[in-house]
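Asker: The following block contains the structure, expressed as structure tokens.
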Amino acid sequence: MIDESFIQREILPGGAMWSWTLKRGTCLGLTDVEGGANLSALFLNADAPLERYNMPDTLKAQFIAFLTRGNVLYSDMGRILCSIVEDTCGWHDTLCGATDAKWTEARFGASDYQRHRNDRVRNGRDNFLVELGKYGLGKKDLPVPVNFFSKVIVDEEGGLRWQARHSRPGAFVELRAEMNTLVVLSNTPHPLDPSPAYAPKPVGLRIRRGEAPGPDDVCRVFRPENGRGFINTEALFK
Amino acid sequence: MSALIYAESGLLPGNAVHDEVLPAGKGWLHPLKAGQYFRILDLEGNQAVDTLFFSAADTADRYDAVATIRNQGNIFLTTGTRLLSSEGNVLLTITADTCGRHDTLGGACSAESNTVRYALEKRHMHSCRDSFLLEMAGSARKAPPHGLTKRDLAGNINFFMNVPVTPEGRLAFADGVSAPGKYVEMRAEMDVIVLISNCPQLNNPCNAYNPTPVRLLVWDPPARAA
């Protein structure tokens, strides 16, 4: 049975990668189906991918080190790629990046397609390079990913602390595209997750048409900086 | 790793093979050979030095801020920090640090981010990214054939800048921990290209609202003892 109110609805299995051009005004919902998922995500301007998610500008403009409802994802051009309009999880990691082949092999041992077929251990960087390659993009086009459903805090000494059992079954976050955004996902473990087993969890994806942000939109009014970010972004589409 | 590791260097400025003062608002693009030591000296104090490194052999293998902090489990750079590349290689190791804390989360200022952070009409003030772009374009000096462009501008280091994060996830721009004469020194572990913007930002305390020059020194690898 297809729910026609959604443009797209699917389950992204553990280890898988995915990409989609999210049109301005559409919303991408992510559900941590079983709890304990980590979904690494890249964001680029689909119309001009030299403009892309800028982690420092996102954190500086909003005086934050993590993402939740009301926050926006800034590009390097002072514009907003996506806004976070719903979040029942409360904290998404911005600081730690994705896994790569070296890390994955050191943690889980050697794994290859010849022996393990589609159960092979996958890593974030290689997944991203494959998916970016479909758009003619490569290593130099890799922004820092957001790690949805993962929480890492920074202690008083600057130490990074992984927070176990953070995301609960059914945790849901929804992003609204403020420009046409190329979203690239890798459903692979968080690099600070100490779990000895490679067991990435399924993540539900759903895309729907959203409502345009009004003057009192939760993301627009989060800080005066975001108001200016929306002015810069909306000017592109006037 | 503790966040503050004070260590002095025994290298003497008189023996440096390169010694230059870089004014605020200027860029600098310079190769380093494996084994060379590179010092950045904060001449007047509280000056942010926005810095990127690239493998000279393959500029796609570049400084990776999140790989570096993840590897050491700490957001601050200081003595002993290995500056990692996007391919997981060690570009340089910090060998001396009399400041004790350097940022790699805050990125570089740009005309566009200034419109968001301060005011739309701040767009036309000078910014680090403009210095990076001009330096990569090769206009300011004879640049080596590195082929660097805007695609190569990933998250940088801000030497002498203090950007603490609270356990609640708030980001702050704390006034500098640096002072006149403080320095940081690192050893190149491979041939690298250094790209610096000596930050011109006037709108926040990263330069104490007064951008000032820094001194850049390079030493050849010390001769082996007989």
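The values are calculated or read from the model by the stated rules, or taken from the named source; none is laboratory data. From a predicted model like this one, the values you see are computed outputs, not experimental measurements. No Cβ is skipped: glycine too gets one built from the backbone with ideal geometry, and neighbour counts run over all protein chains shown.
Asker: Test A:ILE207 against the criterion of being surrounded by fewer than 23 Cβ atoms within 10 Å (Cβ to Cβ), within 19 Å of A:THR26 (Cα to Cα) and in contact with a Phe, Trp or Tyr (Cβ under 7 Å, 6 or more places away or on another chain), and give yes or no.
Answerer: yes
Asker: Could you please let me know if B:ARG123 is in contact (Cβ under 8 Å) with a residue 12 or more places away in the chain, surrounded by fewer than 18 Cβ atoms within 10 Å (Cβ to Cβ) and of a type in the set (Lys, Arg)?
Answerer: Considered against the rule, which asks whether it is in contact (Cβ under 8 Å) with a residue 12 or more places away in the chain, surrounded by fewer than 18 Cβ atoms within 10 Å (Cβ to Cβ) and of a type in the set (Lys, Arg), B:ARG123 comes out as yes.
Asker: Also, quick follow-up: So, in region B:200-225, how many residues would count as being within 28 Å of B:ARG123 (Cβ to Cβ) and not in a loop (DSSP other than H, G, I, E, B)?
Answerer: So the answer is 4.
Asker: So, in region A:44-76, exactly how many residues are farther than 15 Å from A:THR233 by Cα and away from chain B (no Cβ under 11 Å)?
Answerer: Number of matching residues: 2.
Asker: Taking region B:50-75 as the region of interest, how many residues are under 13 Å from the mean Cα position of the chain (by Cα) and more than 15 Å from B:ARG151 (Cα to Cα)?
Answerer: 3
Asker: Given region A:1-120, what strands (runs of 3 or more DSSP E) lie entirely inside it while holding 3 or more residues that are surrounded by fewer than 24 Cβ atoms within 10 Å (Cβ to Cβ) and at pLDDT below 95?
Answerer: Passing ranges: none, list empty.
Asker: Could you tell me which numbered condition A:ASP112 fails, if it satisfies all but one of (1) away from chain B (no Cβ under 14 Å); (2) touching a strand residue (DSSP E or B) at 6+ places or on another chain (Cβ under 8 Å)?
Answerer: (2)
Asker: Then there is this: Restricting attention to region B:67-81, does a residue exist that is over 16 Å from B:ILE5 (Cβ atoms), more than 8 Å from chain A (Cβ to nearest Cβ) and not in a helix (DSSP H, G or I)?
Answerer: no
Yes/no matrix, rows are residues, columns are (1) among the polar types (S, T, N, Q); (2) within 14 Å of chain A (Cβ to nearest Cβ); (3) touching a residue at least 24 places away in the same chain (Cβ under 8 Å); (4) part of a helix (DSSP H, G or I):
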{"site": "B:LEU4", "(1), (2), (3), (4)": "no, yes, yes, no"}
{"site": "B:GLY10", "(1), (2), (3), (4)": "no, no, no, no"}
{"site": "B:GLU20", "(1), (2), (3), (4)": "no, no, yes, no"}
{"site": "B:GLY25", "(1), (2), (3), (4)": "no, no, yes, no"}
{"site": "B:LEU29", "(1), (2), (3), (4)": "no, no, yes, no"}
{"site": "B:ALA34", "(1), (2), (3), (4)": "no, no, yes, no"}
{"site": "B:PHE38", "(1), (2), (3), (4)": "no, no, yes, no"}
{"site": "B:LEU41", "(1), (2), (3), (4)": "no, no, yes, no"}
{"site": "B:GLY45", "(1), (2), (3), (4)": "no, no, yes, no"}
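Asker: Also: Using beta carbons and a limit of 6 Å, which pairs, at least six apart or on different chains, have the first residue in region A:150-164 and more than 11 Å from A:CYS96 (Cα to Cα) and buried (at least 16 other Cβ atoms within 10 Å of the Cβ) and the second one among the aliphatic types (A, V, I, L, M) and modelled with pLDDT under 95?
Answerer: Filtered contacts from region A:150-164: A:GLY158/B:ALA3.
Asker: Just give me the residues in region A:130-142 being more than 10 Å from chain B (Cβ to nearest Cβ) and surrounded by fewer than 17 Cβ atoms within 10 Å (Cβ to Cβ), in sequence order.
Answerer: Listed by number, the residues that qualify are A:VAL130, A:GLY133, A:LYS134, A:TYR135, A:GLY136.
Asker: When you go through A:LEU67, A:LEU22 one by one, which is the residue that is under 13 Å from A:VAL146 (Cβ atoms) and either touching a Cys at 6+ places or on another chain (Cβ under 7 Å) or of a type in the set (A, V, I, L, M, F, W, C) (or both)?
Answerer: Exactly one of A:LEU67, A:LEU22 is under 13 Å from A:VAL146 (Cβ atoms) and either touching a Cys at 6+ places or on another chain (Cβ under 7 Å) or of a type in the set (A, V, I, L, M, F, W, C) (or both), namely A:LEU67.
Residue-wise test of (1) closer than 30 Å to A:TRP91 by Cα; (2) at the interface with chain A (Cβ under 8 Å from one of its Cβ atoms).
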position	(1), (2)
B:GLY106	yes, yes
B:VAL116	yes, yes
B:MET125	no, no
B:PHE132	no, no
B:GLU135	no, no
B:PRO164	yes, yes
B:ARG170	yes, yes
B:VAL177	yes, no
B:MET190	no, no
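Asker: Do any strands (runs of 3 or more DSSP E) entirely within region B:85-199 hold 3 or more residues that are farther than 30 Å from A:ALA235 by Cα and touching a Leu at 6+ places or on another chain (Cβ under 8 Å), and if so, which?
Answerer: Strands (runs of 3 or more DSSP E) meeting the threshold: B:90-97, B:182-188, B:192-198.
Asker: Of all residues in region A:143-174, count the ones that are away from chain B (no Cβ under 14 Å), under 12 Å from A:CYS89 (Cα atoms) and not aromatic (Phe, Trp, Tyr).
Answerer: 8
Asker: Then there's this: Could you list, in sequence order, all residues of region B:88-99 that are within 11 Å of chain A (Cβ to nearest Cβ) and of a type in the set (Gly, Ala, Ser)?
Answerer: Scanning region B:88-99 gives a single hit, B:GLY88.
Asker: Report the residue count in region A:133-172 for those that are modelled with pLDDT of 95 or more, more than 15 Å from A:LYS201 (Cα to Cα) and of a type outside the set (Gly, Ala, Ser).
Answerer: The total comes to 20.
Asker: Moving on. Does any residue of region A:113-126 turn out to be within 28 Å of A:GLY25 (Cβ to Cβ) and out of contact with any Lys or Arg (no Cβ under 8 Å at 6 or more places or on another chain)?
Answerer: Within region A:113-126, not a single residue is within 28 Å of A:GLY25 (Cβ to Cβ) and out of contact with any Lys or Arg (no Cβ under 8 Å at 6 or more places or on another chain).
Asker: Another question about this same structure. Only one of B:LEU148, B:LEU195, B:LEU217 is within 13 Å of chain A (Cβ to nearest Cβ), touching a strand residue (DSSP E or B) at 6+ places or on another chain (Cβ under 8 Å) and surrounded by 20 or more Cβ atoms within 10 Å (Cβ to Cβ); which?
Answerer: B:LEU148
Asker: Test of understanding: among B:ALA223, B:ALA208, which residue is of a type outside the set (Ser, Thr, Tyr) and within 19 Å of the chain's Cα centre (by Cα)?
Answerer: Selected residue: B:ALA208, the only one of B:ALA223, B:ALA208 that is of a type outside the set (Ser, Thr, Tyr) and within 19 Å of the chain's Cα centre (by Cα).
Asker: Here's something else I'd like to know. Could you list all residues from region B:179-188 that are crowded, with 16+ Cβ neighbours inside 10 Å and out of contact with any His (no Cβ under 9 Å at 6 or more places or on another chain)?
Answerer: B:LYS182, B:TYR183, B:GLU185, B:MET186, B:ARG187, B:ALA188
Asker: Follow-up question, since we're still on this one. Check B:ASP58, B:ASP97 and return the single one that is closer than 17 Å to B:ALA34 by Cα, out of contact with any Lys or Arg (no Cβ under 8 Å at 6 or more places or on another chain) and modelled with pLDDT of 95 or more.
Answerer: Unique residue meeting the criteria: B:ASP58.
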